[in-house]
1. Which condition breaks for residue 44 when tested against (1) within 30 Å of residue 19 (Cα to Cα); (2) modelled with pLDDT of 80 or more?
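The values are calculated or read from the model by the stated rules, or taken from the named source; none is laboratory data. Predicted model only: the values in this text are computed from it and were never measured. Here the Cβ positions follow ideal geometry from the backbone for every residue, glycine too, while neighbour counts run over all protein chains shown.
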């Protein structure tokens, strides 16, 4: 498919020089660049990971009933309000 795009003169000059040096076309450089940018954006969107905000500890302590919020709150806040 043909299309028209505006490219900064300096960038086009660099692309032409690179294409000539590598023996490829400017078109192939543009296509390669678009593929890389699109793949990077897809990967960035698909690979979100929530950072690990946990801290060193021993996990759930014996005797804490997770279905009883008052017990959980007592363990969490330890007399510091809440």
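1. The single condition residue 44 does not satisfy is (2).
Yes or no, residue by residue, for (1) modelled with pLDDT under 90; (2) in contact with a helix residue (DSSP H, G or I) (Cβ under 9 Å, 6 or more places away or on another chain); (3) under 30 Å from residue 75 (Cβ atoms):
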{"site": "3", "(1), (2), (3)": "no, no, no"}
{"site": "23", "(1), (2), (3)": "no, no, no"}
{"site": "30", "(1), (2), (3)": "no, yes, no"}
{"site": "37", "(1), (2), (3)": "no, no, no"}
{"site": "60", "(1), (2), (3)": "yes, no, yes"}
